[in-house]
Amino acid sequence: ELRAAFDKESPKLSLSAAVQAGLPGGAIDKGYDIPALSKALDYLCVMTYDLAGVWDQKTGHHSDFKRSTEWSKSYVEKGFPKEKVLVGVAFYGRGYTLKDAAQHATGAPIAAAWVKANGYGGIIMWEVGQDDVKGTCCSVKFPMLRAINNAVAGYGMPDQPFSHMVNDPKLRAPFIKHTVAYLKKYGFDGLDLDWEYPVCWGGDCTKGPATDKLNFGKLLLELRQAFIKQKPRLLLSAAVSVAIVGRYDVAYDIPAMAKALDYMCVMTYDMHGVWDKKLGHHGAFGLFLNWTMPYVAKGFPKQKIMMGVPFYGRGFTMTDPAKHYAGNAITGVGNTPAGDNGESMYSELCDLVKTKGWAKLRNSHYGSDPYAYHDNIWVGYDDPFQAYDKAKWAKDHGFGGIMVWEIGQDDQKKCCSLPLCLSLRVICFYPEYRFVDLPPKDFEPTLCTHIHFAYHWLDATRNVIVDAHGSARPALYNSLKTLKKRNSKLKLMVVLGGSGMPNEPMSAMISGPKLRAAFIKNTIAYLKKYGFDGLSMNWLYPVCWSGNCTAGPTSDNPNFGKLMTELRQAFNKQKPRLLLSATIAGSYTGSPSDKAYDLTAISKAVDYLTIIAYGATPAMRAAKTAFHWSNMVLAYNWVQPYIDRGVPKAKIVVGLSFYGIVLTLKDPTQHIVGAPITGVGNTPAGAGSMANYTEICDLVKNKGWIKETNKNERPNFQCSARLTMYFSTLEKGSQLTLSVSVCMRVICFYPEYRFVDLPPKDFDPTLCTHIHFAFHWLDATRNVILDAHGSARPALYNSLKALKKRNSKLKLMVVLGGWGMPDQPMSTMISGPKLRAAFIKNTIAYLKKYGFDGISMNWILPVCWSGDCTKGPTSDNPNFAYDLTAIAKAVDYLTVSAYGATPGVTKNVYHWGDMMRAGAWVKPYVDRGVPKAKIVVSLPFHGRAFTLQDPTQHTVGAPITGVGNTPAGAGGMANYTEICDLVKNKGWTKERNKNGNDPIAYNGSILVTYDDPWQVYIKAKYVKDNGYGGVLAWEIGQDDRHFCCTVRFPMLRAINNVLFNTGKGISTYVWVCVALIFAQLSLCVSLRVVCYYFDDHWKNFPPKDIDPTLCTHFHLAFHLLDANKNVIVDHTGAARPALYSAVKALKKRNPKLKTLISLGGPVIYDNLFSAIVSDPKLRAGFIKNTIAYLKKYGFDGLSIAWQYP
C-alpha cells in the first residue's frame, strides 16, 4: 500500500526496508513476505552485521565476509531481485574481553568489490559518523566510504552528472568555456576525458541512456573546435575501454572520436580478474593486441591510438598452490603484503621477487605475461621486459604510442637495476691467472653485468673461504673493484669451487648446522671486508665427487640445499643485500647433476643459476669420433630438464665457452663431426686439447685454416661489410674485424658502358658493399691488366672513388675477364711461374695506382674456352685453377651465377633465373668444400625473351620459334626497368608459377622470363637463411631507375631489406609492380586476397576510394537473417541498392573481382540460424530466397560468418 501511494506522488517517492541478515530459520523465513517485499521496495538493506557477539560466548567477527555474502544471497535465492539487494557494512566493531588470542580482519573494500562483481545493487553502511571523519588515522577523510566508492563506482566520478551535461547542448557550451579557462589559468596543455563509460555506467550497459554515445561524441567535437582556436592550441584525448563487443561499440561514437581527438588511450589492462573465477593475467599480451584492433577496424586511425600498459598487478588466491598457471581455479582475490583489493604495484612485486623469496615465471612459451607467486597468492603483472615488448609491438605496427597507469607504481627505489628486472645477465668468468695477460685496466666492464672472480676454496681449519692462491690478495681485488668506476651497475662475485677444490672439506662443513652457521658468518665477513657483492657456489659435485656418484655420501644432496637456503636467509639481512648464485653442469642421461642437487631448495635460494651448456658426455668421449664441444643442441637439451623440474627460466643463465676442444683426425680428408679420431690434439698455441677463440680466429683468418659450419646451421656470424663488427674476448681483450671472412655482401656489377646513362653521381652507393667495375682484360705484351677500353681512364675511376664519400666502407673491385676477353693470353700467362709472378706484381701496382681495393677474376672458362671444353689445354685447371680447393682458400668470396640456361634448352620457354637454381646450381660447390660463407650468389636484373609458337600458350615449357625482343630489348635480353614499365603501363600481362615464384610477362607472341623485386627478395632471404655470403647483382643499370615501382632501384632495395633490415619493407613498393597478379590468382594458382568491407565505412570511406586491383574477392559485411521471411536482410533492416551499386562499380576497374555478401558476424542471432539449419524445409526456403536476393542485387555469392554453431 505504501508502494501504491508513493507511486502517485510527483516526484515519485522511494521505499526501502532494512532487514535482518538471511540466517536460515530466522526472520527471512518467519518475519518477511519476500514476494511482497520484492514488488514493493526500491531496494532492500540487509543488515549483515551484529552476526556475532558476546551472546555466542566466544570471539567472532560480527560482520565477517563469508556470512555477509552468504546471508545476503539467501534473499536472492528466495526470489528477491539481486540488483535491489544492498549488502550491509559496519563502520563499528564489537569488542570482547579475551581469555585467549584475538582474531582480527577487515572487510569493507572486499565486500564492496564482491557486491559489484556479483551483480548486487550496492552497499548499506551503519553509519557514516563512525568512519574516520577527520582523516586522523588513514590520511584521508572517510576512508571506509572511499574504499566502497572505489570498488563500486569506479574511480570516483559519478556518471549521472556527466551524462546530464553531455546530453544537453546548453550545458555542454558552458562546460567547454569553463574548461578552457581552467586549463589556461593553471597552465595545462589539454584535457583527457576518462568517462568509464558513456551508456555503460560502471561497465553496465543497461544503466545509462543510449543518447550518451552520440552526445559524448558531440561534446568531443565541440571541445575540438574550441581547443583549436586557442593559442597555443589545446590538446584533447580520451581514455576508453578495451574493445569488448557489447561495450565499446555501445559506448563510443568512434567516427566522431577519430575526428575530435589528438590521441586515444585504450585501457588494455584489467582484462582478467576475480570475476573470471580463474587465474588470468590482467594485461595479457594477446589481449593487449586483440582488444585494441577493433577500434582500428571501425576507422580510428591507429597512429592516434595509445595502448595501455599497467604498472600494477592483479592478485588471486589459488585453490591449489601447486597449480600456478593461468586458467587454474581460485577462491577469490589475493593480496600481497602491501596490496589492496587484489592490486599490487610493480615496485612491490619487484621487491617480493628480488628479496622476499617469491617465485617468478611467465605464462607463455614466448616469454610474455609474467607472474609471481608465494604460498597461495598469485599475481599477474607487467615487468620491464613485457612493457618493452608491448611498446615495440606498438611501434612496429604503426600505433601512436603507449599510455601507462600509473607512474607512481613503477619502481622508484631502484629495486630493479635493469639486468635484475629483466633477468638478463652477461656473466664474465675472470680466472685469477688471466690477470697476467689481461689486467682489469685493459678490460671493458660495460660488456658484463656480473664478473665471477675465480677461484676461492674452503679453508676447513678456519671454516671460511680462502683465495685459491693460499692467502688474500687485496691489491688484486681492488683492481677488480676499479671496474665499477666504468660500470657502476657491475656486480663482483667470488666463485667458491672449481674442478681442483677438494670435496671432503665441503661435505664435512655442510653436514652440521653449527658448521654451516659458522661458515656463513665467516663468509659474509670476508665478502664485506674485500668489497664483493656476493658468492657463486661452484661445487662439482655434491654426492658425485669428481663425477663419481659412489664417492660422496648421499646426504650431500639435502645438506647442500640447506646451506644454500641458510645462505639466502643470511644474505637477505645484509645491507646492501648480498647476491647468491650457483653453477651446475648440464643435465643429460646419466648426468651427475641428477643425483647431486636439491633443485627445489637451490632454485629458491639463488638469484640466478648458471648451467654449463658445453662439454662432452662419457658416451661422446668413448665413441672415438669427432664431437662438437658446444653444439647448438646442448644449449637446449642440457638446460630444458632443469626447467621441466621447476627451475624458473628467468633465473637460468646459460654457460657458453670461449674456447674449443681439439681432436686429431684419423683421416684428414674426413673433417666433419662424427669422423673417426685417434684422440685429442693441440693447436700451435693450445694445450691440453683446448684452444682459445682468439687463437682459432687468427688461424682461420691468417694461417690458412678452413672454417665450416654443419649443414643445419648458419655461419657463426653474419654482418654487413658496411659495418665493422667486433668480438671482445676475455682471453686477450683484442678486437677483431670480421668484415672480410664471414660477412654478408651486396656486390653491384657496374659495367663501363653504363656510365653514359647512369653516371656514379646518380647512383646510391649505400645499396652496395662492393662495386665490381667491369671490364679489364689482360695486356699480354706487358703482362698486366688493361681497361677493356684500351687505355686507363683515371677520370672515370675517380668518379667511382667519389662514391666512397657517401659510403666509406664501400670496396671497389676491378673485374678481369668477361665473355669478350680472349682465352689464349690468359692461358699462356698462367702456364709459367715467372709469368704469373710478373702479372701479380704488375697488377698490384695497377690497383694501387688507381685506388682500387682488389680484383675479381672473371675468366669464363679455363680449359672450356667460350664454353667448348676441347679448345683449351687441361693444364688451365691446375694453373688457374678451377681447382676449387685452391680457389676456396685463396678468395675472400666466390661469385656463383644462379641464372642462365643449360645446353640444349632452346626449343621451349625456360625461366632465366628460376628459384630452383638459387639452390641447385650453388650447392655442388658447397658439397665440394667451398665454405658457404664465401659463396656470393649472382642474380639477374634482366630477363630472357622468347617468341611463342602459339600466343595462347604462355607458360614455361611452351614451344617457341626462337628468341624474342621487347620494344627496347636486343638479343633476347630485356632489362627489369623496361619490363616493369611494360607490365605497369603498356598492357603486358604478368603471371607467376603455381608456387608464386618465377614471374613472366607476355604480350602477343613475345614472352619474357625475369626476376622482379619479390623474386630477388625471396632469393636473398634464401641466401641469408642458408648461410651463404651474399648476393651479386648483374647489373645495376638494369634495375628500375625511373620510379616505375615508386622507388629507385627497387631490386637492390629489396635485397638490402632482407639482408640488412634496411629501408622500407618489400611490400611498400613491390605490390605496385605486381598488383596485376592478384586479378589472376584465383584462376591460375587458387590464391585469393579476400577484402572485408564493413559498411559502417560507407560514408567516410566509400567504395569509389578503394583500389579493387588489390583484392580478388570483396566481402560486404554484414547482412543478418530475417526469420519471418526466411531470407538474408541488410543489418540496417532494409536493402541499400545505392551501396550495392557502388560495390558492383568496382568491377569496372577489376573485371575479375568477385563480390559476396557476408551473413552473420558477432551480432548474428544464433537461435534463429539454428532453427533454420535444423529443418530441411526451412533450409530449402532460405536457399531459394537467398539466391533470388543475390541475383537481384548483382552479388557473386554468399559468405556465412556464423560465430559460432
Does residue 294 fit the bill of being over 28 Å from residue 1095 (Cβ atoms) and out of contact with any helix residue (DSSP H, G or I) (no Cβ under 6 Å at 6 or more places or on another chain)? no
So which of 322, 394, 387, 372 is surrounded by fewer than 18 Cβ atoms within 10 Å (Cβ to Cβ) and among the aliphatic types (A, V, I, L, M)? 322
Identify all residues within the stretch 480-498 that are not in a strand (DSSP E or B) and not charged (D, E, K, R); write none if there are none. 480, 482, 483, 487, 488, 490, 498
Residue in the stretch 479-490 that is surrounded by the fewest Cβ atoms within 10 Å (Cβ to Cβ), counting only those that are out of contact with any Cys (no Cβ under 9 Å at 6 or more places or on another chain) and touching a residue at least 24 places away in the same chain (Cβ under 8 Å): 482
Qualifying positions in the stretch 359-412 - small (Gly, Ala, Ser) and closer than 28 Å to residue 194 by Cα: 380, 387, 391, 394, 398, 400, 401, 408
Mind listing just one residue for me: the one in the stretch 988-1008 that is over 38 Å from the mean Cα position of the chain (by Cα) and closer than 18 Å to residue 940 by Cα and, of those, surrounded by the most Cβ atoms within 10 Å (Cβ to Cβ)? 1008
Against the definition (part of a loop (DSSP other than H, G, I, E, B), outside the structural domain of residue 604 (by TED's automatic domain parsing) and among the small types (Gly, Ala, Ser)), how does residue 408 come out, yes or no? no
So which residues in the stretch 17-69 are touching a residue at least 24 places away in the same chain (Cβ under 8 Å), out of contact with any helix residue (DSSP H, G or I) (no Cβ under 9 Å at 6 or more places or on another chain) and within 19 Å of residue 126 (Cβ to Cβ)? 18, 45, 47, 50, 53, 54, 60, 62, 64, 67
Name the residue that is farthest from residue 900 (Cα to Cα), counting only residues in the stretch 912-926 that are part of a helix (DSSP H, G or I) and modelled with pLDDT of 85 or more. 926
Verdict on residue 766 being β-branched (Val, Ile, Thr), modelled with pLDDT under 85, surrounded by fewer than 24 Cβ atoms within 10 Å (Cβ to Cβ) and not in a strand (DSSP E or B): no
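Here is a yes/no grid of residues against (1) part of a strand (DSSP E or B); (2) crowded, with 20+ Cβ neighbours inside 10 Å; (3) among the small types (Gly, Ala, Ser); (4) touching a residue at least 60 places away in the same chain (Cβ under 8 Å):
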position	(1), (2), (3), (4)
748	yes, yes, no, yes
754	no, no, no, yes
761	no, no, no, no
774	yes, yes, yes, yes
796	no, no, no, no
799	no, no, yes, no
Are there any pairs with C-beta distances below 8 angstrom linking a residue in the stretch 1022-1039 that is on the phi > 0 side of the Ramachandran plot to a residue that is among the basic types (Lys, Arg), with the two at least 6 apart or on different chains, and if so which? 1027/714; 1027/932; 1030/745
Matching residues in the stretch 572-604 (in a helix (DSSP H, G or I), within 20 Å of residue 506 (Cα to Cα) and either β-branched (Val, Ile, Thr) or modelled with pLDDT of 95 or more (or both)) number 1
Kindly establish whether residue 1146 is within 30 Å of residue 244 (Cα to Cα) and assigned to a helix (DSSP H, G or I). no
Can you give me the number of residues within the stretch 943-968 that are under 22 Å from residue 1014 (Cα atoms) and either modelled with pLDDT under 90 or surrounded by fewer than 21 Cβ atoms within 10 Å (Cβ to Cβ) (or both)? 3
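Residues checked against (1) buried (at least 16 other Cβ atoms within 10 Å of the Cβ); (2) of a type in the set (Gly, Ala, Ser); (3) free of Cβ contacts under 8 Å to residues at least 12 places away in the same chain:
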site: 557; (1), (2), (3): yes, no, no
site: 564; (1), (2), (3): yes, no, no
site: 567; (1), (2), (3): yes, no, no
site: 578; (1), (2), (3): yes, no, no
site: 585; (1), (2), (3): yes, yes, no
site: 590; (1), (2), (3): no, yes, no
site: 601; (1), (2), (3): yes, yes, no
site: 604; (1), (2), (3): yes, no, no
I'm trying to understand the selection: among the residues of the stretch 460-476, which are outside any loop (DSSP other than H, G, I, E, B), more than 19 Å from residue 537 (Cβ to Cβ) and in contact (Cβ under 8 Å) with a residue 12 or more places away in the chain? 474, 476
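For (1) among the polar types (S, T, N, Q); (2) touching a helix residue (DSSP H, G or I) at 6+ places or on another chain (Cβ under 6 Å); (3) not in a strand (DSSP E or B), each residue gets a yes or a no:
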| site | (1), (2), (3) |
| --- | --- |
| 478 | yes, no, yes |
| 500 | no, no, yes |
| 529 | no, no, yes |
| 563 | no, yes, yes |
What strands (runs of 3 or more DSSP E) completely inside the stretch 312-357 contain at least 1 residues that are in contact with an Asp or Glu (Cβ under 8 Å, 6 or more places away or on another chain) and within 16 Å of residue 275 (Cα to Cα)? 312-318
Would you confirm whether or not the stretch 1102-1116 contains a residue that is surrounded by 12 or more Cβ atoms within 10 Å (Cβ to Cβ), modelled with pLDDT of 85 or more and over 36 Å from the mean Cα position of the chain (by Cα)? no
Conditions (1) over 48 Å from the mean Cα position of the chain (by Cα); (2) surrounded by 14 or more Cβ atoms within 10 Å (Cβ to Cβ); (3) at pLDDT 85 or above; (4) more than 18 Å from residue 775 (Cβ to Cβ) -> residue 839 fails only (4)
Are any of the residues in the stretch 278-297 within 30 Å of residue 362 (Cβ to Cβ), touching a strand residue (DSSP E or B) at 6+ places or on another chain (Cβ under 9 Å), of a type in the set (Val, Ile, Thr) and without any contact (Cβ under 8 Å) to a residue 24 or more places away in the chain? yes
The lone exception for residue 263 - which of (1) in contact with a Lys or Arg (Cβ under 6 Å, 6 or more places away or on another chain); (2) closer than 24 Å to residue 385 by Cβ it fails: (2)
Report whether or not residue 626 is over 33 Å from the mean Cα position of the chain (by Cα) and either more than 21 Å from residue 557 (Cβ to Cβ) or buried (at least 20 other Cβ atoms within 10 Å of the Cβ) (or both). yes
Out of curiosity, is residue 1198 surrounded by 17 or more Cβ atoms within 10 Å (Cβ to Cβ), part of a strand (DSSP E or B), without any contact (Cβ under 8 Å) to a residue 60 or more places away in the chain and in contact with a Leu (Cβ under 7 Å, 6 or more places away or on another chain)? no
Which ones in the stretch 1128-1138 are farther than 22 Å from residue 294 by Cβ and buried (at least 18 other Cβ atoms within 10 Å of the Cβ)? 1128
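The values are calculated or read from the model by the stated rules, or taken from the named source; none is laboratory data. Worth saying up front: this structure is predicted, and the values here are computed from it rather than measured. Positions of Cβ are backbone-derived with ideal geometry, glycine not excepted, and every protein chain shown enters the neighbour counts.
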